[in-house]
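The values are calculated or read from the model by the stated rules, or taken from the named source; none is laboratory data. Not measured: the values here are computed from a predicted model. Cβ placement follows ideal geometry from the backbone for every residue including glycine, while neighbour counts extend to all protein chains displayed. SASA here: full protein model, heavy atoms, side chains in, ligands and nucleic acids out. Shrake-Rupley method; radii C 1.70, N 1.55, O 1.52, S 1.80 Å.
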Number of protein chains: 4
Amino acid sequence: MTRLGVNRYGKSRVRLSRITRRGDRHEFQEWTVRVLLQGEFDTSFTEADNSKVLPTDTMKNTVYSIARDCKTETIEEYAMELGDYLLAQHGHILKVDVEVGERAWQHMQIDGAPENTTFKLGGPELQTVAANRARDGAWKLTSGIDGLTILKTTKSSFTGYLKDRLTTLKPATDRIFGTSATVTWEYGKIDVDFGNIRRQILAALQREFAAHNSMSVQHTLYDMGKAGLAVVPEIERITLTMPNLHHLLADLSPFGQDNPNHIFVPIDEPHGYIEATIER
Amino acid sequence: MTRLGVNRYGKSRVRLSRITRRGDRHEFQEWTVRVLLQGEFDTSFTEADNSKVLPTDTMKNTVYSIARDCKTETIEEYAMELGDYLLAQHGHILKVDVEVGERAWQHMQIDGAPENTTFKLGGPELQTVAANRARDGAWKLTSGIDGLTILKTTKSSFTGYLKDRLTTLKPATDRIFGTSATVTWEYGKIDVDFGNIRRQILAALQREFAAHNSMSVQHTLYDMGKAGLAVVPEIERITLTMPNLHHLLADLSPFGQDNPNHIFVPIDEPHGYIEATIER
Amino acid sequence: MTRLGVNRYGKSRVRLSRITRRGDRHEFQEWTVRVLLQGEFDTSFTEADNSKVLPTDTMKNTVYSIARDCKTETIEEYAMELGDYLLAQHGHILKVDVEVGERAWQHMQIDGAPENTTFKLGGPELQTVAANRARDGAWKLTSGIDGLTILKTTKSSFTGYLKDRLTTLKPATDRIFGTSATVTWEYGKIDVDFGNIRRQILAALQREFAAHNSMSVQHTLYDMGKAGLAVVPEIERITLTMPNLHHLLADLSPFGQDNPNHIFVPIDEPHGYIEATIER
Amino acid sequence: MTRLGVNRYGKSRVRLSRITRRGDRHEFQEWTVRVLLQGEFDTSFTEADNSKVLPTDTMKNTVYSIARDCKTETIEEYAMELGDYLLAQHGHILKVDVEVGERAWQHMQIDGAPENTTFKLGGPELQTVAANRARDGAWKLTSGIDGLTILKTTKSSFTGYLKDRLTTLKPATDRIFGTSATVTWEYGKIDVDFGNIRRQILAALQREFAAHNSMSVQHTLYDMGKAGLAVVPEIERITLTMPNLHHLLADLSPFGQDNPNHIFVPIDEPHGYIEATIER
């Protein structure tokens, strides 16, 4: 005997862009949305009964229709509005998950000033939210950033580590520290200023990354998390994943050249992987 | 006050390839390995104390060193051997996670026969395993496949679904059904023939996909899971994620042409997303 | 004073899929098409005069409309049919370029036999054609394959090379030879059996790659080109680009282990790059 | 009879990063280099004679060794220094091609000011150079940028175009204009200030893109090219490739909603492709 276990379905990679006009100044946002539903859908799997299946194509339409009337600027509020609509519309939907990623479009700088209606993609990072709500529960919101690609050329060492018979690494007192960080933070309540909190956390994380006298990725990651929590009382925990994107010192000794931390070989793989949650 | 929560660290995207020689015939495997550790590492985060930190570079070395002496052909046995070594070597490692992905290298077909020492990449799919073990526990093994890219041109319909005010989809009685499936299955015990089980499950899944008279992705996904469980008593549950990679019928009516399911527009985004666990 | 130089425009990444039915057996093809035009379009650049600009959206429509009525199975004949239509339709188009790439869909093997209506993606490679014709000229056709990912574990050495003061490479007498080959061949005439020629060339290239006793990538590339030309008198020249996708022997000596060509470290970058045209 | 035609070989995707220290302020650059050689290498193809083959591994070493002693900040001067070294070192190298791409690392902004030793990746674009020189000739330099991802939300229309029986596009008087531009410019002489010219051209291109009242991509592309030539007398021609990355107005009429250029559907494929050279 087999039976259906946990299941969910929905639409992924629904892309939308939006212009918000405030007189001569425009804001431009580009989002990728994923909507997943759980509920009374078992017979679609087990009995080929589609009568309760809201087509994923309709979910796509819903993404656009809700975006049209939505007044918010934040992906957090949009995600909740979209999910609330689906729960309200169909009683057999018991849980909704919405994820939104926003690309890093910025006003183009012309002669040092932001141009009103022209934009440039400012990095690979995505601003993110994962929002889910069960029908009888509250919204659970996890905001964050993916792919924040940053690097420092000073104040990073790695020494004093454990050695075993397979250790060949040499201690480093002045290495490059590069990462493509993924950060998420969970909200304890939802009547907050999401945009402002996001700006504050990201500023605090980057300020700490720059200032930190790093003894390891772990060390810096923890102090970045602490710095993030320090500026926003509204959040309970921050999770940081910081791959160590290595820049290996080029060995020029076979060519009779020294290399005083000048020339490096960047590699994408393999890479260190450090992940931790910092909480109150 | 802040404190360290859940944390782990390790090395990701460690790549290795291996030739196994049996007389004139070679086997060639290419793996990408990730090793993550949990244990008594808190002070590396909180106090910049690296004395218990096994460098991720050493983990990389360990991947290669263990692979050298490892006799197994399966990624499952290799993953456990690697993890057991690390747990045995360092008492303060309390949990180890190993993931391995194997690329789809196949013996090249020359005049219809497999060549002994030449290989061709046979698809985008990866054979996978995620293996983890706590120091005092047993191995928990989840094997699978990622990116199995398959498609059928008959026996796929989608009708009778729920309509609401935002539904614009037209019912389809003869559509293309394409997917890039991710499948995982959990083992209840580990003294089994991993290679044989893998071959049997994958054959059963593909046979069912081909034969199935699909009323929806959900319907086919469930019956594929059932078919997988039917052939291997050793496994308890299968999870399938099957994005619906749409091929939309091209609308040629503005040009005065019909289109009897002949010409389609494939799109990558957005795509349907269907996921379920089938269990005994 | 500035003036407009060479220019062209068109539509890129137009994707289409097509089912061809022969009784119970279906053929499935998936193409990505690019169409570029040259002609009397200068004033669209210099005077904002769009009156002669065929919208790229119309080119997209044309890709689908021509595909509907097209009887051929080959991308070569489709490309020419599409281009001829555009030249015939609009006298001010003076040159048309069409490129088509076809994905490696194959009938799924079930119990060793090809299933009639189910398909599996069989590799990363694309079958390609680049076809161009000036209004008063003949079609110039270059067919090929992109990303043919192949590898051999024997009969590959690299010794006796030039050494200078920066050379650190050690000679290898038994290395892995892996590549992701791009091959193109030019047709001298167009009333040929494109499908058959393609099959013959690709079989000859792979047979030679497998059999070859390689002294260098250059050496094997040349003999593969010769083998291709030998089987198809209809073509005049073959160009092969064969990046050397290195698998470096893992150095296990720090761990007290030997490594008799057993464990390797595959790297994507940097990679050797070898390119040559072989001609009659 | 077959013979060897045009051929070249070298090393691709050689990555290097470099820290330049000026007191407390660091500059950080990350480059990917390709070196290709032509010369008296025919017998390596035709006779398996490696005696004149400089290994691609040695070219990789050369990339690093030259970078160590190189004083320049520009990829143009580095490319020429690297190529000149190879030509000087080995008389049988008859032509050298060097390509360098530089990633968009920028000083991180902390509280509105650039931090001295911390960096953030500021976009997907690469600063590029393609430099080639025949032994007895002068350097031919083409600099540029790849993947400059920009977008404007006003002053873009497309009307008055040619219609044929397959045209379904509606005229647009206020559309989003997005592109990922590739631009190259050729130098007529090489004793110029490459860094300054690059900054001036890029500023001029972006200023024109923002200000332009666009009647088509062609129209804007041409005026951008003119603007680039206007600021730098040292260059003779600019080539721009500007794919039209469409943001389609979402059709909300089935849902009873209007859409006054507010919500769009961004698509990556298909996309318009416009390319032209503007010259003096």
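Most mobile of B:103, B:165, B:237 per a Gaussian network model of chain B (Cα springs, under 10 Å)?
Looking only at B:103, B:165, B:237, the biggest GNM fluctuation is shown by B:165.
What angle do you read, to the nearest 10 degrees and between 0 and 90, between the alpha-carbon axis of helix D:194-211 and the longest principal axis of chain D?
10
How big is the equivalent ellipsoid of the range B:9-138 along its three axes, where each semi-axis is √(5λ) from the Cα gyration tensor, reported in whole Å from largest to smallest?
The answer is 35, 13, 12 Å, longest axis first.
Which of A:140/C:60; C:11/C:226; D:52/D:120; B:155/C:152; B:152/C:60; B:170/C:11 have a Cα-Cα distance over 32 Å?
Table pairs above 32 Å Cα-Cα are A:140/C:60; C:11/C:226; D:52/D:120; B:155/C:152.
Just need the relative contact order of chain A here, percent rounded to a whole number, with Cα pairs under 8 Å and 6+ apart.
Once normalised by length, the contact order is 12 percent.
When the expected Rg is taken as 2.2 N^0.38 Å, what fraction or multiple of it is the alpha-carbon Rg of chain D?
Ratio of Rg to 2.2 N^0.38 Å for chain D: 1.24.
Ordered by packing density, taken as the mean number of other Cβ atoms within 10 Å over each peptide's residues, highest first, how do A:270-280, C:223-233 rank?
A:270-280, C:223-233
Between 0 and 90 degrees, rounded to the nearest ten: what's the tilt of helix A:56-69 against the longest Cα principal axis of chain A?
80
Just name one of A:63, A:39, A:86: the one whose Cα is farthest towards the positive end of the charge dipole of the range A:9-138 (beta-carbon charges, Lys/Arg +1, Asp/Glu -1).
Toward the positive end, the furthest listed residue is A:63.
In Å², nearest 100, what accessible area do chains A and D bury in total when the solvent probe is 1.4 Å?
So the total buried area for this chain pair works out to about 5100 Å².
With no solvent and one point on each alpha carbon, what is the Debye value of log10 I(q)/I(0) for the range B:148-279 at q = 0.15, 0.17 Å⁻¹?
Here log10 of I(q) over I(0) equals -0.77, -0.92.
Given a 1.4 angstrom probe, I'd like the percentage of the accessible area of the protein assembly as shown that is carbon and sulfur, rounded to a whole number.
Here carbon and sulfur together make up 49 percent of the probe-accessible area.
Looking at A:212, A:158, A:185, which one has the Cα that reaches farthest to the positive end of the dipole of the range A:107-257 (charges on Cβ: Lys, Arg +1; Asp, Glu -1)?
The one lying farthest along the dipole's positive direction is A:158.
Once the Cα atoms of helix A:217-231 and of chain A are each reduced to a long axis, what angle between those two axes, in degrees from 0 to 90 to the nearest 10, is obtained?
Helix A:217-231 sits roughly 50 degrees off the main axis of chain A.
Can you give me the C-alpha center-to-center distance between the range B:217-266 and the range D:212-280, rounded to a whole angstrom?
37
Assign unit charges at the C-beta atoms only (+1 for Lys and Arg, -1 for Asp and Glu), then state the dipole size of the protein assembly as shown relative to its Cα centre in Debye, rounded to the nearest 20.
0
Rounded to the nearest 20 debye, what is the charge dipole size of the range D:123-199 about its Cα centre when +1 sits on each Lys and Arg Cβ and -1 on each Asp and Glu Cβ?
With Lys and Arg at +1 and Asp and Glu at -1, about 300 debye.
Where does the range A:1-70 land on the Kirkwood hydrodynamic radius, alpha-carbon pairs, in angstrom?
14.6
Counting only the heavy atoms of the protein chains, how much of residue D:247 is accessible to a 1.4 Å probe, in Å² to the nearest 10?
20
Quick one: net charge around residue D:20, please, counting Lys, Arg +1 and Asp, Glu -1 for every other residue with C-beta under 14 Å from its C-beta.
With Lys, Arg at +1 and Asp, Glu at -1, the net is -1.
So, taking all protein chains as they sit and a 1.4 Å probe, how much accessible area belongs to residue C:168, in Å² rounded to tens?
In the full protein context, residue C:168 sits at about 60 Å².
Obtain the nm distance between the two label points defined at residue A:248 and residue A:43 by a simple spin-label model: each point lies 7 Å from its Cα along the Cα-to-C-beta direction.
According to this spin-label approximation, the distance is 6.1 nm.
Given axes a ≥ b ≥ c from the Cα gyration tensor, I'd like to know whether the range C:97-164 is rounded (a/c under 1.5), prolate (a/b larger than b/c) or oblate.
It comes out oblate by the Cα gyration axes.
Please report the base-10 log of the normalised intensity I(q)/I(0) for the protein assembly as shown, using a Debye sum with one equal scatterer per alpha carbon and no solvent, at each q in 0.05, 0.08 (1/Å).
Results for the protein assembly as shown at q = 0.05, 0.08 Å⁻¹ read -0.34, -0.98.
For residue D:269, place a label point 7 Å from Cα along the Cα-to-Cβ direction in every copy; what are the distances to the other copies, in nm, shortest first?
The projected label point of residue D:269 is separated from its counterparts by 1.3, 2.2, 2.2 nm.
Throw me the Rg/Rh for the range C:212-264, computed over C-alpha atoms with Kirkwood Rh, two decimals.
Ratio of gyration radius to Kirkwood radius: 1.25.
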